[in-house]
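Below is one structure; the comments refer to it alone.
Bear in mind these aren't lab numbers, they're just calculated from the coordinates by the rules spelled out. Note that the coordinates shown come from a computational prediction; the quantities given were computed from them, not determined experimentally. In this analysis, Cβ positions are derived from the backbone assuming ideal geometry, glycine residues included, and neighbour counts consider all displayed protein chains.
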Amino acid sequence: MTSTPPPYPPGHGLLTGRTAVVTAAAGAGIGGATARRLLEEGARVLLSDTHTRRLTESEARLAEEFGADRVAARPCDVTDEAQLTALFDRAEELHGGLDVVVNNAGLGGTADLVDMTDAQWDRVLDVTLGGTFRSTRAALRRMKAAGRGGVVVNNASVVGWRAQRGQAHYAAAKAGVMALTRCAGVEAAEYGVRVNAVAPSLAMHPHLAKVTTPELLAELTEREAFGRYAEPWEVANVIVFLASGYSSYMTGEVVSVSSQHP
C-alpha cells in the first residue's frame with residue numbers, strides 16, 4: 001500500500017500566547033517543522049541549534065513570516081549546561097517565562113557493535129540522551145519555580161523499541177529518552193508540568209537523504225503501514241498536540257508516530 005501525505009493543516013491558535021523553546025530547530029527536519037507549527041498555532045518561539053548559519057537563516061525567514069516579536073534564536077549545544085542555562089534565560093528575558101520546551105536535539109550514526117568505538121558510543125549518548133536530560137532538568141527547575149505549569153516534549157524514536165542493525169548506540173539513547181520521559185512525567189505532575197515524548201520512525205528531509213543509503217530508506221519505508229515515510233510536519237503535529245491543552249491528562253507517555261510500536 002502506498003499513499004500521499006494529507007493536505008497541510010492550518011493553525012487553530014492552540015498555543016496563542018505561549019513561549020516555546022525548540023532545540024535543533026534550524027534544519028529541514030522535525031525541529032524546523034515543529035518551530036513552524038508552533039508559530040502557526042500562535043506561540044512565540046526561541047530557536048536553538050549548533051549550526052549558527054542555518055540558525056540565523058531560519059530566524060530571519062520565520063521572523064519575516066510571523067513577526068520579529070514572535071521569533072528569536074540563540075545558538076546552543078545541549079551537551080553544555082552553561083549554554084542551556086543561557087538559552088532558557090533568553091526565553092525568560094524576551095517573554096517573561098517558559099511554557100513549552102521541545103527537546104529535538106539528537107545525534108545518530110551507523111556502526112556494528114563489534115566495530116563501535118567508545119568515542120562513537122559516548123558522543124551519541126551524550127547528545128541524544130544526555131542533552132535531553134540536561135534540557136529537561138533545566139526546564140523543570142524553571143517551571144517548578146515559576147509555578148505556572150508547562151510542557152516538555154521529547155523526541156524519541158521507534159528504534160528505542162525495535163532492533164536495527166548498526167544502531168545500538170542510537171537505540172540505547174532513544175530507549176533512555178523514553179524511560180527519562182516516563183520518570184520525569186511522574187515527578188513533574190505534582191507541580192503541574194507534563195512531560196511526554198514522540199517516537200517517530202522515518203521522517204524524510206534532505207539531510208537524512210544524504211546520509212542514508214537508498215536501500216535502507218526503501219527498507220524502512222516498506223515497514224510503514226501507509227507505504228511511505230512521514231513528512232516532518234506530520235510528526236510536528238503530534239508534538240503540537242502534546243504541547244497543547246488537548247493533551248491535558250497525558251504525562252509520562254511516549255506516542256508512536258508510526259505503525260511500529262511493538
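Helix-only arithmetic for the chain: the sum of -39500 (n - 2.57) across DSSP H runs with n ≥ 4, divided by the residue total, places the mean residue ellipticity at 222 nm at -13500 deg cm²/dmol. Could you tell me what % of all Cα pairs in the stretch 1-126 have separations over 23 Å? It works out to 38 percent of all Cα pairs.
Each Cα pair under 8 Å and six or more residues apart adds its sequence gap; the mean of these over the residue count of the chain is a relative contact order of 21 percent. Sequence-ordered 3J(HN,Hα) estimates for the stretch 53-59 from the Karplus curve with 6.51, -1.76 and 1.60 and θ = phi - 60° stand at 5, 5, 5, 4, 5, 5, 4 Hz, glycine and proline given as x. Over all other residues within a Cβ to Cβ distance under 11 Å of residue 167, the charged ones net out to +2, with Lys and Arg as +1 and Asp and Glu as -1.
Helix 30-40 against the longest principal axis of the chain: what's the angle in degrees, Cα atoms only, rounded to the nearest 10? Tilt of helix 30-40: around 30 degrees. Descending by average beta-carbon neighbour count within 10 Å, the peptides 196-203, 3-10 line up as 196-203, 3-10, the highest first. For the peptides 84-91, 102-109, the ranking by packing is 102-109, 84-91, with the highest mean count of neighbouring Cβ atoms within 10 Å listed first. The long axis of helix 81-95 is offset from the longest Cα principal axis of the chain by roughly 50 degrees. When the alpha carbon gyration tensor of the chain is reduced to an equivalent ellipsoid, the three semi-axes, largest first, read 27, 21, 19 Å. What whole number of Å gives the distance from the Cα centroid of the stretch 147-172 to the Cα centroid of the stretch 73-119? Measuring centre to centre over Cα atoms gives 14 Å. Once you order the gyration tensor axes a ≥ b ≥ c over the Cα atoms, which shape class does the stretch 1-72 get: rounded for a/c under 1.5, otherwise prolate or oblate by comparing a/b with b/c? The shape class here is oblate.
Scalar couplings 3J(HN,Hα) for the stretch 134-139, obtained by applying the Karplus form with A = 6.51, B = -1.76, C = 1.60 to θ = phi - 60°, are 4, 5, 4, 4, 4, 5 Hz; x denotes Gly and Pro.
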